[in-house]
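Engineer: So that we are looking at the same thing, I have put the structure below in structure tokens.
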4 protein chains.
Amino acid sequence: MERQLSVRPAHAQPAARRFTIPVRVYYQDTDAGGMVFHATYLDFMERVRMDWLRAIGFEIPKMVETHAAMFVVRSANVDYLKPARLGDALDVSLALVRIGGAQLVLDQRVTRSGEELVTATIQLACIGVPDFRPARVPEALRLECTRWLAPEVVPA
Amino acid sequence: MERQLSVRPAHAQPAARRFTIPVRVYYQDTDAGGMVFHATYLDFMERVRMDWLRAIGFEIPKMVETHAAMFVVRSANVDYLKPARLGDALDVSLALVRIGGAQLVLDQRVTRSGEELVTATIQLACIGVPDFRPARVPEALRLECTRWLAPEVVPA
Amino acid sequence: MERQLSVRPAHAQPAARRFTIPVRVYYQDTDAGGMVFHATYLDFMERVRMDWLRAIGFEIPKMVETHAAMFVVRSANVDYLKPARLGDALDVSLALVRIGGAQLVLDQRVTRSGEELVTATIQLACIGVPDFRPARVPEALRLECTRWLAPEVVPA
Amino acid sequence: MERQLSVRPAHAQPAARRFTIPVRVYYQDTDAGGMVFHATYLDFMERVRMDWLRAIGFEIPKMVETHAAMFVVRSANVDYLKPARLGDALDVSLALVRIGGAQLVLDQRVTRSGEELVTATIQLACIGVPDFRPARVPEALRLECTRWLAPEVVPA
């Protein structure tokens, strides 16, 4: 439903509701069961988070240097619906669900030809550098994030 | 609370309520943030599941050959409480929470000197080999599992 | 020297001497030393090998199904010259050095803005499926490979 | 031959010629080919290096804090002889081959029931912290290392 509301292009545009990157499945991503190893999807999801932060101007070195802040994963709730396999061309995406004072909540998905394989809710905590204590999401990033929120979702 | 009820030895005994293995943190487990990478804890948790299955007589090759079945992760709900760091000596454990017709639900924890760092609820689905369709947990394993269930928990 | 002799376009052309893909460095690729973990470069190099095989029409499922063959790494000689870091945009490439009866030898490199960070000589052995015994490189692939050999190098 | 000369116990003794740890193969170590992924052996070899440094009193945090030094892999020459598989119980070892002014050279092996699967020569460079420039191997470590050298090998 959230995606039906979106009227913006879906790929890597600053104003897009959902940010998506292509990910190819290599041997290193699979296990002896012949499928992608379950922890590896978290790697894929981390890639799209870093690419998104870079796309909106908050790549990691800059966040640390300019804002003395970084994100860590506080919780991950992952559902594995169908397996991906060697050689698959996947799309891995994120959508911002909520902006809290010191956290972001993301909806992340792995799809293959539009079919959902893995979905996750990822909660990121903002921490200060170098003390690693909870810190407020930098205002400039918060402002940028509001452009990514779904219309029905409001900042906490 | 569940651990207060336990009256059995906590380490690697067939009848133990909780199964625990030691895990050392190496460079490959960490990231440039100086902490263990969040997906790596899922690797640690998978190790203890495989060691537990081996300890109770259902190591993977045997399960496939004898029972034409294997487990896949169906969902993972992970909470990251505190970070582990390079060189840390961790304990990674599991306790069986529920036995369903075609699934097991586990409580898994990563601790350091008794302090909880990461906790997770992991849902495993039993699937048939080679068709990879949902399959009933083999009766012999189900029987063994009942010895691992907490007194207050009954098979679904 | 080998690159001075090349008169063909350098990027992803079927007739190119060198095949290159871009690779971004994410947290998952780094370690607590702040640099890319040394084994991770082998992951990067494996990605370009699979992309190259796909580009020339011998992606893994097809090779197995059509030719009952696959490649395994027989040896890897890797030199680490300079470290890559979080967020770096790398180029990872391969050039074919030699075609043997049952093997391929590749020169692989990781560069950043043209500067070499890691170089490797990777020897791949062709094995049969499902017996996993040494097998002759399929003739169709051998023919394609000759188009990738440097002028001064001849098939063994 | 080097091992025939050894007259000391082979496991984790300070004076042992060869330092060995057990490594179990889990799903995360394998790939869709059904074998251990080739880069994963470098993870195994790094584990034994860290365990050895800890066993002789030079675990990483201490080396950085006390000696302002750490090691990085400068080169890795790896031969893959036979594959390891899911569930295998491996032994991964190291023997010191040479001590240079700013480097150590190690012979590393992965065996299963005494059969060699993977062998490697790993060259480690000592670098200063935090400048990451080549640094002399700390004298205290050099002294300890001489106890690990084969009789026929002398410091460079």
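Engineer: Report yes if residue D:143 is surrounded by fewer than 18 Cβ atoms within 10 Å (Cβ to Cβ), out of contact with any Cys (no Cβ under 7 Å at 6 or more places or on another chain), farther than 19 Å from residue D:20 by Cα and away from chain C (no Cβ under 14 Å), otherwise no.
Structural biologist: yes
Engineer: Here is a further query. Pick from the stretch C:32-80 the residues that are more than 8 Å from every other protein chain (Cβ to nearest Cβ) and touching a Gly at 6+ places or on another chain (Cβ under 8 Å): which of them is surrounded by the most Cβ atoms within 10 Å (Cβ to Cβ)?
Structural biologist: The first filter runs over the stretch C:32-80 and keeps only residues more than 8 Å from every other protein chain (Cβ to nearest Cβ), leaving C:36, C:41, C:44-45, C:48-49, C:52-53, C:55-58, C:62-69, C:71.
From the residues that got through so far, the ones that are touching a Gly at 6+ places or on another chain (Cβ under 8 Å) too are C:68-69.
Values: C:68: 14, C:69: 18.
So the residue we want is C:69.
Engineer: Going through the stretch B:115-132 one residue at a time, which ones are exposed (fewer than 14 other Cβ atoms within 10 Å of the Cβ) and closer than 21 Å to residue B:76 by Cβ?
Structural biologist: B:116
Engineer: Residues that are without any contact (Cβ under 8 Å) to a residue 60 or more places away in the chain, closer than 27 Å to residue D:47 by Cα and in contact with a helix residue (DSSP H, G or I) (Cβ under 8 Å, 6 or more places away or on another chain): find the strands (runs of 3 or more DSSP E) completely inside the stretch C:38-156 holding 3 or more of those.
Structural biologist: Values: elements: C:69-80, C:89-99, C:103-112, C:115-128.
Strands (runs of 3 or more DSSP E) meeting the threshold: C:69-80.
Engineer: So, one more: Tally up the residues in the stretch C:88-111 that are touching a Phe, Trp or Tyr at 6+ places or on another chain (Cβ under 8 Å) and either on the phi > 0 side of the Ramachandran plot or aliphatic (A, V, I, L, M) (or both), please. Lay out the reasoning, then the answer.
Structural biologist: Filtering the stretch C:88-111 for residues touching a Phe, Trp or Tyr at 6+ places or on another chain (Cβ under 8 Å) gives C:90, C:92-96, C:104, C:110.
Those left that are additionally either on the phi > 0 side of the Ramachandran plot or aliphatic (A, V, I, L, M) (or both): C:90, C:92, C:94-96, C:104, C:110.
Qualifying residue count for the region: 7.
Engineer: Go over the candidates A:83, A:130 one by one and state the one that is modelled with pLDDT under 95 and within 13 Å of chain B (Cβ to nearest Cβ).
Structural biologist: A:130
The values are calculated or read from the model by the stated rules, or taken from the named source; none is laboratory data. This one's a predicted model, so the numbers in the text were calculated from it and none came from an experiment. Positions of Cβ are backbone-derived with ideal geometry, glycine not excepted, and every protein chain shown enters the neighbour counts.
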